Every structure is written in C-alpha cells, then in structure tokens.
1. Tell me, which residue of the range 9-52 that is among the β-branched types (Val, Ile, Thr) and not in a helix (DSSP H, G or I) is surrounded by the most Cβ atoms within 10 Å (Cβ to Cβ)?
2. Return a yes/no flag: does the range 1-8 have any residue that is basic (Lys, Arg), at pLDDT below 85 and assigned to a loop (DSSP other than H, G, I, E, B).
3. On the given criteria, is Ala55 of a type outside the set (Lys, Arg) and modelled with pLDDT under 85?
Amino acid sequence: RGRLTGIVLTAGDLVDAGQVAEQISLDTAREARLVAETAVDRVRDKFGPGVIGPAAVFRRAS
C-alpha cells in the first residue's frame, strides 16, 4: 500500500495580480460579506478608523 508523504508546488508562468481574472463564488452569503467588507473599508478610509463599528457599541451623542 502506497502512502503520500509530500507534495510539491511549483510556481511557473505566474502573472501580475492585476492580470488575474476574478474568481466566481457560488456562496452568496460569502459574496455579501466581501461586498460589505469593501464598503466598510472605503468608509474607514474616507472618515477614519473609528467612524464605523459594531452596532452594539454605538453611543448616541447627548
């Protein structure tokens, strides 16, 4: 009986990340999280890191 004891991965014909096609996912929940994460990153870049967070920590200004 044979046993696999190792595997080798070679990196040939690599291309720049900007030339790679976008991977399609069939997991709609995962895709929604990725879209939301991108939107949150854009908001933080524009308004600062403390501007957005979990709703549980939201405090209203009095």
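1. Ile52
2. In the first step, residues of the range 1-8 are kept if they are basic (Lys, Arg); the result is 1, 3.
Subsequent filtering for residues that are at pLDDT below 85 retains 1.
Now restrict to residues that are assigned to a loop (DSSP other than H, G, I, E, B): 1.
Yes, because at least one residue in the range 1-8 is basic (Lys, Arg), at pLDDT below 85 and assigned to a loop (DSSP other than H, G, I, E, B).
3. Working: of a type outside the set (Lys, Arg): yes; modelled with pLDDT under 85: yes.
Considered against the rule, which asks whether it is of a type outside the set (Lys, Arg) and modelled with pLDDT under 85, Ala55 comes out as yes.
The values are calculated or read from the model by the stated rules, or taken from the named source; none is laboratory data. Here the structure is a predicted model, which is why all the values come from computation and not from measurement. Note that each Cβ is placed from the backbone with ideal geometry, even for glycine, and that neighbours are counted across all protein chains shown.
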